[in-house]
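Data block below; observations after.
Every number here is computed from the coordinates shown, using simple stated rules; none is lab data. What you see is a predicted model, and the numbers here were worked out from it, not measured in a lab. Here Cβ is always computed from backbone atoms with ideal geometry, including for glycine, and neighbour counts include all displayed protein chains.
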Amino acid sequence: MDKFLQLVQIDSTSGNERQIADVLAEELKQLGLSVYEDTAGKNVGTSTGNLIAHLPGNVAGAPVLMFSSHMDTVEPGENIRPQIKDGIIYSSGDTVLGGDDKAGLAAILEALYTIKENNLPHGDLKIIFTIWEEGGLVGSTNIEQEHIKADAGFVLDSNGDPGSIVVRGPSQDQIVATIKGKAAHAGINPQDGINAIQVASKAVASMKLGKIDNDTTANIGVISGGKATNIVPEEAVVHGETRSMDREKRAAQTESICFAFKQAAKDEGASVDIQTETIYPDIDLKENEPVVELATLAARNIRVELDLTSTGGGSDANNFNYYGIPTVNLGIGMKQVHTTSEYITIENLILSARYVTEIIRTGAQNQG
Ligand SMILES: [Zn+2]
């Protein structure tokens with residue numbers, strides 16, 4: 001709990017992780033880990049990289065385990081003053097608490113202290129603290145992959161209680177459509193114009209959005225354009241996304257949105273430029289995957305309720321799976337995240353640390 005309270009009071013909104021990275025790197029070194037800061041920050045215009053730390057194992061033949069949490073928080077995340085009431089930690093109401101994801105950082109550090117103080121058996125451990133997870137998985141997308149080999153990965157960044165294990169999650173496409181119409185005076189010669197906002201409206205109105213099927217969702221989230229009421233707007237920009245547990249369904253849904261833009265532009269004599277990008281891949285881990293079996297066994301050992309679950313969101317676990325490290329996302333009990341009502345119970349902080357310790361201990365017994 002002390003570690004958690006210390007970490008949430010270090011400001012670290014996305015892109016501003018220098019201070020917390022320095023504190024965490026120093027602490028990992030004190031715990032006997034070698035620490036490398038990668039060049040991910042340089043690619044995205046911040047001074048801070050991902051921290052990649054390594055602790056050599058003290059038993060032979062155990063799988064290499066990776067544990068990861070992100071160092072950044074969402075806004076409003078400056079000057080966080082945690083308050084404790086009846087075993088629950090809140091913010092003071094004008095910021096987030098930052099349990100997302102400092103509860104994960106604290107659990108991993110506490111597990112490392114526990115292992116060291118009790119001289120527990122463990123295999124090789126990789127600890128990865130990422131920058132800029134919020135708003136696009138920027139840190140893990142730009143990570144130096146050659147430094148992060150592991151047999152099984154555990155991201156601590158899900159809002160279920162400890163024992164909740166995310167094994168499935170969708171991939172996501174981002175779509176940006178820029179519609180070009182033609183400007184004209186709205187009162188004198190509107191017939192010479194092509195209203196880009198109206199073209200965008202027709203396109204959006206013709207799309208299937210929301211829940212498409214059990215695997216797939218789609219949304220138009222931002223629409224902007226126009227300069228004044230007396231000008232027929234020349235340009236409108238529309239941002240949307242599609243997600244699916246099935247990558248072919250995602251591609252088809254993205255294609256149908258692109259088609260709607262093209263069709264509306266064609267009908268109205270406008271043009272459209274569309275950019276699409278798959279910003280993260282899906283997660284689909286089976287129950288007999290070693291990482292799922294290890295997470296399950298450790299959860300049973302500490303007697304937390306086991307829940308193998310899916311999510312509609314993305315996390316660094318999506319990227320780690322893509323890089324070839326089978327990785328689950330563990331619930332750490334953070335609640336109402338991304339709001340000023342965010343909170344976490346002290347009990348869940350303790351359980352998460354105990355759970356990480358147990359995964360490491362169980363993994364070391366599970367040789368080969
Ligand atoms: Zn998070």
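What distance in nm separates the two pseudo spin-label positions at Glu255 and Arg18, each 7 Å out from Cα along the beta-carbon direction?
Taking the two extended label points, one gets 4.8 nm.
Going Cα to Cα from Lys149, which lysines come in below 30 Å? Please leave out same-chain ones fewer than 8 positions away.
Lys3, Lys29, Lys42, Lys102, Lys116, Lys126, Lys286
Using only Cα atoms, figure out Rg for the stretch 171-280 and give it as a multiple of 2.2 N^0.38 Å. Show your work: numbers first, answer last.
On the way: Rg = 15.1 Å, N = 110, 2.2 N^0.38 = 13.1 Å.
Relative to the 2.2 N^0.38 Å estimate, the stretch 171-280 comes out at 1.15.
Return the distance in nm (one decimal) between the two label points of a simple spin-label model at Glu75 and Thr309, each offset 7 Å from Cα along Cα→Cβ.
The answer from the label model is 2.9 nm.
Gain in length, Ser34 to Asn118, computed as 0.36 nm per residue apart minus the alpha-carbon separation, to one decimal in nm?
28.2 nm
Please give the Cα centre distance for the stretch 220-268 versus the stretch 272-287, rounded to the nearest Å.
Cα centroid of the stretch 220-268 versus Cα centroid of the stretch 272-287: 17 Å apart.
Using Cα positions and a limit of under 18 Å, work out the aspartates and glutamates in reach of Lys211, with same-chain residues fewer than 8 apart set aside.
Hits, sequence-local ones excluded: Asp173, Glu241, Asp246, Glu248, Glu255, Asp282.
For the stretch 292-347 and the stretch 103-134, compute the distance between their C-alpha centroids and round to whole Å.
15
Once you have the Cα-Cα distance between Gln336 and Lys180, take 0.36 nm times their residue separation minus that, and quote the gain in nm to one decimal.
Using 0.36 nm per residue and subtracting the Cα-Cα distance, I get 52.1 nm.
Please list 256-268, 151-163 highest first by mean number of surrounding beta-carbon atoms within 10 Å per residue.
151-163, 256-268
For the Cα atoms of the chain, what angle does the longest principal axis make with the long axis of helix 99-118, in degrees from 0 to 90, nearest 10?
Orientation of helix 99-118: about 20 degrees from the principal axis.
Given labels modelled 7 Å from the Cα in the Cβ direction, how far is it in nm from Asp284 to Asp11?
4.4
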